[in-house]
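Just below is one structure, and these are the notes that go with it.
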Amino acid sequence: MIGTGFVSRRSSLSAGLFERSTRVVPGGVNSPVRAWSAVGGEPVFVGRGQGARIFDEDGRGYLDYVCAWGPLILGHAPRPVVEAVVRAVPEGTGFGAPTAKELELAELVCERIAGIEQLRLVNSGTEATMSAIRLSRGYTGRNKVLKFDGCYHGHVDALLARAGSGVASFSLPDSAGVPESFTGQTLIADFNDVASVRNLVRENHQDLAAVIVEPVCGNMGVIPPEPGFLEALRELTREYGIVLIFDEVITGFRVARGGAQERYGVTPDLTCLGKILGGGLPVGAFGGRREIMSCLAPAGPVYQAGTLSGNPVTVTAGLATLKELAAPEVYRELEEKGRRLEEGLQGVLDQGIRGTVNRVGSMLTLFLGPDRVGAPADARTSDRDRFARFFHGMLARGIYLPPSPFEALFVSLAHGEDDIAATVAAFADWAEEDSRR
């Protein structure tokens, strides 16, 4: 086994750090899922990462399948990215002025992603989706937006309705502080249900600016699009002059060189990016058809700005990462590693555990409970108590997984065959132990 056994968090450095953190940081964390609310216990505080592993402040190592929630497709501290950043920092950490490097990154993205003719860099995925929605409204002169139950697009007020595992009421906000009037312009359809989309589009098309979707649902675990679903969205939006937005913050450069739109052969009007684009540093971007993007200031009337947008250090890390992902064999390797992990985990389930594994490329989710997950409603039937035991059992065996049953595991190029085999063995060992409960 990789791990050295479970050590009580209350006797660890992580426990002390978490206690200190709760005094100065709300909930002790700077993003909610890090608090482990879905699985219980106190979070590990990470000291460093290298390759496929992270090491906590007590020095314990774990095979990492969170990978910073997706950006670290090369693994932790990959040499080409680290060396590029070290060279860039002495040249300046920010200018608030155009640089050749941000132009180079924009050109590279436009070359790789078919749906992007022009690109605007921002600082997060949330900022990208927020800006894409505003741009769609400015371009069409309409107000409403259609999103999907279970799809998360950042903490944008208008999109915090049925975002993942939030409240189930139609168009009610998932967060305090979001007026109902903000989400009142948001329509909710069912992922993988073309009929639900068609009905809403036909009833609201005169004031419907955009349809935004994760082409692969990620915030309710990995849920692939059914054959024909994305194609139907493209056909409907084109018919009624509605902007189709793909939120590829997770899938961009992850499931294919040109993102999910390349993998599934459907080209949206706008695309939102993040995560891998920054090589592990904070970044976001949105881009698309030149006709739409030209509505952005200073070329057009839709205002969007950002002091740190196109930060030279972030752009350098992004360029170094994308250059490492240039060759087709990279994605064949990621596909093969994802397949091996999927088959290994499913093989353990087949020994008598109810559950299923969903995978697209190098992102996957193990659902405990349901036999099939084709929509967020299926994911919500997962056995959350058993998942919490699974999470802590795997952690004790040296495997660090997302602390929620509704998130994706990410495989990186740094994960080796032995790592995947050890992960499957750890799951089998836990399953045998859990069966004796």
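The values are calculated or read from the model by the stated rules, or taken from the named source; none is laboratory data. Because the structure is predicted, anything quoted here is derived from the model rather than measured. Cβ placement follows ideal geometry from the backbone for every residue including glycine, while neighbour counts extend to all protein chains displayed. Note: areas computed on protein heavy atoms with side chains; ligands, DNA, RNA excluded. Shrake-Rupley method; radii C 1.70, N 1.55, O 1.52, S 1.80 Å.
Couple of notes before you dig in:
- Set of region 345-363 residues, backbone N closer than 15 Å to the point 7 Å along the Cα-Cβ line of Asp434: 345-358
- Dividing the summed -39500 (n - 2.57) terms of all DSSP H runs of n ≥ 4 by the residue count of the chain sets its mean residue ellipticity at 222 nm at -11000 deg cm²/dmol.
- Largest accessible area first, the listed residues Phe18, Phe391 line up as Phe18, Phe391 when surface is computed with a 1.4 Å probe on the assembled protein chains.
- Between Glu91 and Ala77, the contour length at 0.36 nm per residue exceeds the alpha carbon distance by 3.0 nm.
- Relative to the dominant Cα principal axis of the chain, helix 194-204 is inclined by about 40°.
- Three-way shape label, region 189-270, alpha-carbon gyration tensor, a/c 1.5: prolate
- In this view, the solvent-accessible surface of Glu343, computed with a 1.4 Å probe and all protein chains in place, comes to about 100 Å².
- Label-point separation, Cys110 to Asp385 (7 Å along Cα→Cβ), nm: 5.7 nm
- For region 303-362 versus region 7-67, the inter-centroid distance based on Cα atoms is 23 Å.
- Looking at the chain, the DSSP beta bridges with both ends there are about 60 percent antiparallel.
- The residue list Gly398, Ser412, Gly40 was ranked by how far each Cα lies along the charge dipole of the chain toward its positive end, using unit charges on Cβ atoms, and Gly40 comes out on top.
- Taking the charge dipole of region 245-371 about its Cα centre, with +1 at Lys and Arg Cβ atoms and -1 at Asp and Glu Cβ atoms, the residue from Gly310, Leu270, Leu281 reaching farthest to the positive side is Gly310.
- If the chain linking Ala100 and Arg23 were pulled fully straight, counting 0.36 nm for each residue of separation and taking away their Cα-Cα distance, it would gain 23.4 nm.
- Dipole size of the chain about its Cα centre, with +1 on Lys/Arg Cβ and -1 on Asp/Glu Cβ: approximately 620 debye, rounded to the nearest 20.
- Computed from point charges on the beta carbon alone (+1 for Lys and Arg, -1 for Asp and Glu), the dipole magnitude for region 301-386 about its Cα centre is near 180 Debye.
- Accessible-area value, Glu262, 1.4 Å probe, nucleic acids and ligands omitted, Å²: 100 Å²
- Atom-type composition of the exposed protein surface of region 252-311 places 55 percent of the accessible area on carbon and sulfur (1.4 angstrom probe).
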